[in-house]
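Following: one structure in structure tokens, then a few remarks.
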Amino acid sequence: MDAYALHLAVAALMGASVVAVSAYYMHRKTLTQLLEFAKAVERERDENSDIESPHHLKKRRAHPRRKGSGYYRRGSASLPDVTAISVGIDGSEERRNGPLHVDGIPAGLPRLHTLPEGKSSGHASATKRTSSLIRPTSPKSPVASASAFESVEGSDDEDNMTDTAKLDTAYLHTNGNAGPECKYENLPDHIKANGEQLPIAASSMIRSHSVSGDLHGVQPDPIAADILRREPEQENFARLKISPIEVPSPDEVEAYVVLQECLELRKRYVFREAVAPWVKEVISDPSTPRPNPEPFSYTSEGKSDHYFEMQDGVIHVYANKDYTNEELFPVADATTFFTDLHHILRVIAAGNIRTLCHHRLNLLEQKFNLHLMLNADREFLAQKTAPHRDFYNVRKVDTHVHHSACMNQKHLLRFIKSKLRKEPDEVVIFRDGTYLTLKEVFESLELTGYDLNVDLLDVHADKSTFHRFDKFNLKYNPCGQSRLREIFLKQDNLIQGRFLAELTKQVFADLAASKYQMAEYRISIYGRKQSEWDQMASWIVNNELYSENVVWLIQLPRLYNVYKEMGIVTSFQNILDNIFIPLFEVTVDPDSHPQLHVFLKQVVGLDLVDDESKPERRPTKHMPTPAQWTNVFNPAFSYYAYYCYANLYTLNKLRESKGMTTIKFRPHSGEAGDIDHLAATFLTAHNIAHGINLRKSPVLQYLYYLAQIGLAMSPLSNNSLFLDYHRNPFPIFFLRGLNVSLSTDDPLQIHLTKEPLVEEYSIAASVWKLSSCDLCEIARNSVSQSGFSHALKSHWIGKEYYKRGPDGNDIRKTNVPHIRLEFREAIWREEMQQVYLGKAVIPREVDK
């Protein structure tokens, strides 16, 4: 057996030796042929030089070739000599007076350096410079790799087809067809106007591999050095243009006019601040904004003379009690809103408009794909030039996450075990006429701290929750027990939410440690009683729940039918009173609710939540008023949306007039259910959460694109509830240019790691093959959509973030190349001009 193994080893050794020898001689033969070809070209040039005038010969002798100018010599004991051919930049060739003998590189040769772009060595003042053709260049990047064979002065930029200098002003013209209208301007010299490639000298195709390791005692320069010497951004790229300009048909003109009307309707509804934040507060200091040292301090501001009263479900505000005939902040009434909503619904159902919008959306998608084919490498190079920044240290905001599920399951389990070990005798709940300690609660469940694990906790969504929103909500109950939810995940309990406050502070600490992740936590006000607001504010202020990385949204569960059956409310008007009257009271007189006044400084949005998949009747133009809605059925989504929008619009106008912060309407919409939800939020909302049902309506999707309404999408959450991950429209929306961001929704039920937002990004990047540039653009969108202050946004994504396109971008903060944002803005402007038939008036700044 040993002899057999020895024979096999010898045979293998012999075979490997034969292969190595063969490879060596094949390599040598190839280089010899290349050398012969180079010498033949040299001899041909020498023969042609005989016909040149003596004047040229004299001129050449006056400028003898310097060593190292345009070529390098290389000597090796095992390889034949190779002669490098030099070609002038303008295509002229320098003549040689005879065959060149290549000497070995002398020992002690100093380290080679390339000069910065745009500069030359001492003898470069001559009209025609030479350029080495043996400098290795990566075909995927305009940056040449370092090598010991590089020229001291020259570069092969003129011969490299992917070089930036040749494509700086190259524009691609296309009308969607590969017809004769497709043209290229300012192409390299070796490309004809029709795209045909001219013959290139064989010498220009010579490439050598970058030499790794120590060559002649000299380490090669790193590629990064070349990149960092460049400007911070590659401003020039292949731009997309349409030629000839499309002339819409009469049918298309009619459709565009209807789309204009829809966009103008939205402008009439959505609340916009009279004075933009960047006008109110001019940021002159680019340094990090100082944290608020006393976020819960209260200063009495006094009561104003404003008088308000509720009329037909909407609060009306007057200057004082004597001027009740002059409403200060009028808002569209319910009949007008439902009439306009039905107009939107008719538009999205029209066949010709659906066809047109579907075509425009497909065209947007293909334009972006073409942009990536032309400019992906330039975008990647531009990101390399941005110092310090990468995906991990650009700011990312979790634009949609529920506070009760903001921690992961392991974090909650660890917290419960900690409390059971440290505070077992704490009285935590009153059940069945008895006060129970934490230890007694677990004894009643026949559980100990040792028994607890993640599987027993059973808060993670699984296959059983798909299309079962009721089962998904039950996952908020640790170990399937509502009493544990009340103890650990509620703030209105016997211990006044102390456990939840401590858990929240731990999550805040995790966010502060990550530094570059922020969150907008959504916390519930149910509308069962007016004191809920004071109770919530008291919980926030007394537990000092504040973080520079966090702002709050208020979510309103659409549970009128539940409260009606329980006898808590008698009509829908009761819910509106309980939600909005305390907000108007604290705005008119902050002293009436001081803690609520402090808390509202951190509140940036109002949300509507519940199961959208429940069937509902479409509202008519003449709906009952909230006071008349006394039946047990839950009103439709659009009914909730209008009355929340109308009261919030009036409240914001009042708060703005008093110099207070405003609250934007940012509901859940389009996760499931009817398309009516998305039509209602198109008219009323600043941003929405989810929006996956836009895939069912090309018209609404196109309108959301034109209006650039923010979509806080949660693909992993959708995968657990309503839509498989691979069917999620997020990547299509992103390609088409909708204003999308990624969010976590419910880390407790969905995510497994300590950084759920990064987990959301990483899975999206892996499944949909998103590039670093894509991820950074999505992160920038999340900051823009968020409700953080103007000062923080200026620090996070640039002090002129509110400007459209590259003017509002700072790559040193966002890591998003100007190339990407210039493309996005140019395509969006083209679409707006298309819809407005060339008469669109587009401001330089984004909507307030």
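Below, the figures for the structure above:
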item: Against the rule of thumb 2.2 N^0.38 Å, how large the Cα Rg of region 230-340 comes out; result: 1.88
item: Square roots of five times the Cα gyration tensor eigenvalues for region 567-705, Å; result: 28, 20, 12
item: Computed FRET value (nearest 0.05) for LEU13 with PHE380, which takes r as the C-beta separation and R₀ as 45 Å; result: 0.50
item: Formal net charge of residues neighbouring ARG736 (Cβ-Cβ distance under 12 Å; K, R +1; D, E -1); result: +2
item: Restricting region 759-817 to trypsin sites (Lys or Arg not before Pro) in coil, as DSSP defines it, with at most 12 other Cβ within 10 Å; result: LYS769
item: Inter-site label distance for GLU544 and LEU6 at 7 Å from Cα along Cβ, in nm; result: 8.2
item: Spin-label proximity, THR336 to region 250-265 - amide N less than 14 Å from point 7 Å beyond Cα toward beta carbon; result: 265
item: Normalised alpha carbon radius of gyration of region 759-802 [divisor 2.2 N^0.38 Å]; result: 1.33
item: Histogram of C-alpha separations across region 600-650, 5 Å bin width, %; result: 4, 14, 26, 23, 17, 8, 6, 1
item: Förster radius 25 Å - calculated FRET efficiency between THR630 and TYR307 (Cβ-Cβ, nearest 0.05); result: 0.35
item: Net +/- balance of residues flanking ARG414 in space, Cβ distance below 13 Å, scoring K and R +1, D and E -1; result: +4
item: Difference of contour (0.36 nm per residue) and Cα-Cα distance, ALA349 to LYS696; result: 123.8 nm
item: Ellipsoid semi-axes in whole angstrom, largest first, where each is sqrt(5λ) of the Cα gyration tensor of region 669-789; result: 22, 16, 14
item: Spin-label proximity, VAL257 to region 349-363 - amide N less than 16 Å from point 7 Å beyond Cα toward beta carbon; result: 352-353
item: ALA513 paired with SER300, simple spin-label distance in nm, labels 7 Å along Cα-to-beta-carbon; result: 4.4
item: Radius ratio Rg over Rh of region 700-759, counting only Cα atoms, Kirkwood formula for Rh; result: 1.01
item: For PHE329, PHE599, PHE572, order by how many other beta-carbon atoms lie within 10 Å, fewest first; result: PHE329, PHE599, PHE572
item: Potential extension, THR570-LEU328 segment - 0.36 nm per residue separation minus Cα distance; result: 84.1 nm
item: Equivalent ellipsoid dimensions for region 714-848 as semi-axes, Å, which come from the Cα gyration tensor, largest first; result: 28, 19, 13
item: Sum of side-chain charges, ASP451 neighbourhood, beta-carbon under 14 Å (Lys, Arg +1; Asp, Glu -1); result: -1
item: Distance (nanometres) between label positions extended 7 Å along Cα→Cβ at TYR24 and GLN481; result: 7.8
item: Paired Rg and Dmax values of region 405-449, which use every Cα atom, in angstrom; result: 11.5, 33
item: Quarter of Cα convex hull surface for region 452-545, i.e. mean projection, nm²; result: 8.0
item: If the convex hull is drawn through the Cα atoms of region 1-44, its volume per residue in Å³; result: 23
item: Residues ASP455, ASP607, sorted so that the one with the fewest Cβ neighbours within 10 Å comes first; result: ASP455, ASP607
item: Relative packing of 698-708, 18-28, 413-423, which averages over residues the other C-beta atoms within 10 Å, highest first; result: 698-708, 413-423, 18-28
item: Pairs of alpha carbons in region 645-697 whose separation is greater than 17 Å (percent); result: 43
item: Rg over Rh [alpha-carbon atoms, Kirkwood Rh] for region 436-507; result: 0.99
item: Dimensionless Rg over Rh [region 377-444; C-alpha; Kirkwood]; result: 1.39
item: Computed E for GLN506/VAL454 - FRET, C-beta separation, R0 30 angstrom, nearest 0.05; result: 0.95
item: Length released on extending from LYS321 to ASP462, taking residue separation times 0.36 nm less the Cα-Cα span; result: 45.1 nm
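Every number here is computed from the coordinates shown, using simple stated rules; none is lab data. Being a predicted model, the structure only gives us computed values, none of them experimental. Every residue, glycine among them, receives a Cβ derived from its backbone with ideal geometry; neighbour counts consider all protein chains shown.
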